[in-house]
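The values are calculated or read from the model by the stated rules, or taken from the named source; none is laboratory data. These numbers were taken from a predicted model, which means no experiment stands behind them. Please note: Cβ atoms are built from the backbone with ideal geometry, for glycine as well, and neighbour counts cover all protein chains shown.
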Amino acid sequence: MVEEGEMPHEALIREVQEEVGLDVNVDEIIHEDSNFDESKNTTFTRYVYRCEIYNQNENDIKLDIEEHTEYKLITTLGELRGQKVVDYLIDILSKNNH
């Protein structure tokens, strides 16, 4: 979530550091969508960014156990076969050749 006074890309950098212990350079927005939550009378906007991890590798990943219990790095969409993945993410990855 974006905190008060914070830009979305700044929230991304902070959240990645807090949740997995990595530092990222933000490249570009590759997906944006919004939905209105009637129960909260609020519009939520989702941005998906392309980022690059810098000065670190997979061994540097340290999950916040209150947020995540496991992770998986992939190089092709085929590696997600049989996994529970939200539709919008499959669309994004397909369009961006990941």
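The table that follows gives values for the structure above.
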{"read-out": "Count of the stretch 37-59 residues which are modelled with pLDDT of 90 or more, over 16 Å from the mean Cα position of the chain (by Cα) and surrounded by 10 or more Cβ atoms within 10 Å (Cβ to Cβ)", "value": "0"}
{"read-out": "Tally, over the stretch 44-79, of residues that are under 18 Å from A11 (Cα atoms) and in contact with a strand residue (DSSP E or B) (Cβ under 9 Å, 6 or more places away or on another chain)", "value": "11"}
{"read-out": "Residue pairs meeting the criteria (Cβ under 9 Å; at least 6 apart or on separate chains; first without any contact (Cβ under 8 Å) to a residue 12 or more places away in the chain, in the stretch 2-13; second among the small types (G, A, S))", "value": "V2/A11; E3/A11"}
{"read-out": "Every residue from the stretch 32-59 that is free of Cβ contacts under 8 Å to residues at least 12 places away in the same chain, outside any helix (DSSP H, G or I) and within 20 Å of G21 (Cα to Cα)", "value": "N57"}
{"read-out": "Within the stretch 68-91, tally of residues that are touching an Asp or Glu at 6+ places or on another chain (Cβ under 7 Å) and among the basic types (K, R)", "value": "0"}
{"read-out": "Scan of the stretch 74-98 for residues that are exposed (fewer than 10 other Cβ atoms within 10 Å of the Cβ), at pLDDT 80 or above and of a type outside the set (V, I, T), ordered by number", "value": "G78, R81, G82, Q83, K84, D87"}
{"read-out": "Any hit, the stretch 60-68, residues being part of a helix (DSSP H, G or I), surrounded by 10 or more Cβ atoms within 10 Å (Cβ to Cβ) and on the phi < 0 side of the Ramachandran plot", "value": "yes"}
{"read-out": "Residue ID - farthest from R46 (Cα to Cα), chosen from residues in the stretch 9-25 that are among the acidic types (D, E) and surrounded by 14 or more Cβ atoms within 10 Å (Cβ to Cβ)", "value": "D23"}
{"read-out": "Options I30, I65: the member that is modelled with pLDDT under 90, over 14 Å from the mean Cα position of the chain (by Cα) and of a type in the set (A, V, I, L, M, F, W, C)", "value": "I65"}
{"read-out": "Where Y71 falls short, out of the listed (1) closer than 21 Å to V26 by Cα; (2) over 17 Å from the mean Cα position of the chain (by Cα)", "value": "(2)"}
